[in-house]
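**Q** Here you go, one structure.
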Amino acid sequence: MDSLYAEEILDHYKHPHNFGELDNADIHTEAVNPLCGDKLAMDLHVKDGVVEDVRFSGRGCAISQAAASMLTDRMLGEKLEDLASTTREDILEMLGVEISYARIKCATLSLGLLRQALAEAGVSISGHMEED
């Protein structure tokens, strides 16, 4: 089963969904993983509290890029308030493979961008805030 998920991760890495930048984004966030040098940025267009469009850009390992691609797919059309409950476990489940402790920061870099975007939009993050 892991090989199926690994193939999906490689596909998202090689052909990322929602990759690029948005002109006149309502929200722009950036983050760097200092442990490995992964860099991501996320742009959102939000209307009436709903993500109408989202793009991510940057560079990094297959895990960070695939997680950003998968997360942005999940974000499209969602209410910001509903996205506020997204957790590290959601990201790891989405990736579907065992992620080593050293790679957790890679996998959750895009989650940090989402949380920054929510904070910028004035949406509080619900639920348990685990260490990422």
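The numbers here are math on the coordinates, done by the rules we state, and not lab data. Since this is a predicted model, take the numbers as computed values, not measurements. Neighbour counts run over all protein chains shown; Cβ positions are idealised from the backbone, glycine included.
**Q** Roughly what would the spin-label model give for residue 23 and residue 98, points 7 Å off Cα along C-beta, in nm?
**A** Taking the two extended label points, one gets 4.8 nm.
**Q** Under 23 Å between C-alpha atoms is the cut-off here; go through the chain and count lysine pairs that meet it, provided they're at least eight residues apart or on different chains.
**A** 4
**Q** In nm, give the distance between the simple-model label positions of residue 15 and residue 79, each being 7 Å from the Cα along the Cα-to-Cβ direction.
**A** 3.4 nm
**Q** Something else now. Just how large is the dipole of the chain about the Cα centre, in debye to the nearest 20, putting +1 at every Lys and Arg Cβ and -1 at every Asp and Glu Cβ?
**A** 380 debye
**Q** I've got another one for you. Expressed as a fraction of 2.2 N^0.38 Å, the rule-of-thumb size for a compact globular protein of N residues, what is the C-alpha radius of gyration of the chain?
**A** 0.98
**Q** Between the alpha-carbon centers of the range 11-38 and the range 53-132, tell me the distance in whole angstrom.
**A** For the range 11-38 versus the range 53-132, the Cα centre distance is 11 Å.
**Q** To the nearest 500 deg cm²/dmol, what mean residue ellipticity at 222 nm is calculated for the chain from DSSP H runs of n ≥ 4 alone, each contributing -39,500 (n - 2.57), summed and divided by the residues?
**A** -13000 deg cm²/dmol
**Q** Quick one: what are the phi-derived ³J(HN,Hα) couplings along the range 83-99, Karplus 6.51/-1.76/1.60 with θ = phi - 60°, whole Hz, x for glycine and proline?
**A** Taking θ as phi minus 60°, the curve returns 5, 5, 8, 5, 10, 4, 4, 4, 5, 5, 5, 4, 5, x, 10, 5, 10 Hz for the range 83-99.
**Q** Let me ask something else. So what J values fall out for the range 6-20 if you push phi through Karplus, 6.51 cos²θ - 1.76 cosθ + 1.60 with θ = phi - 60°, rounded to Hz, Gly and Pro as x?
**A** Taking θ as phi minus 60°, the curve returns 4, 5, 5, 4, 5, 5, 5, 5, 6, 9, x, 7, 6, 8, x Hz for the range 6-20.
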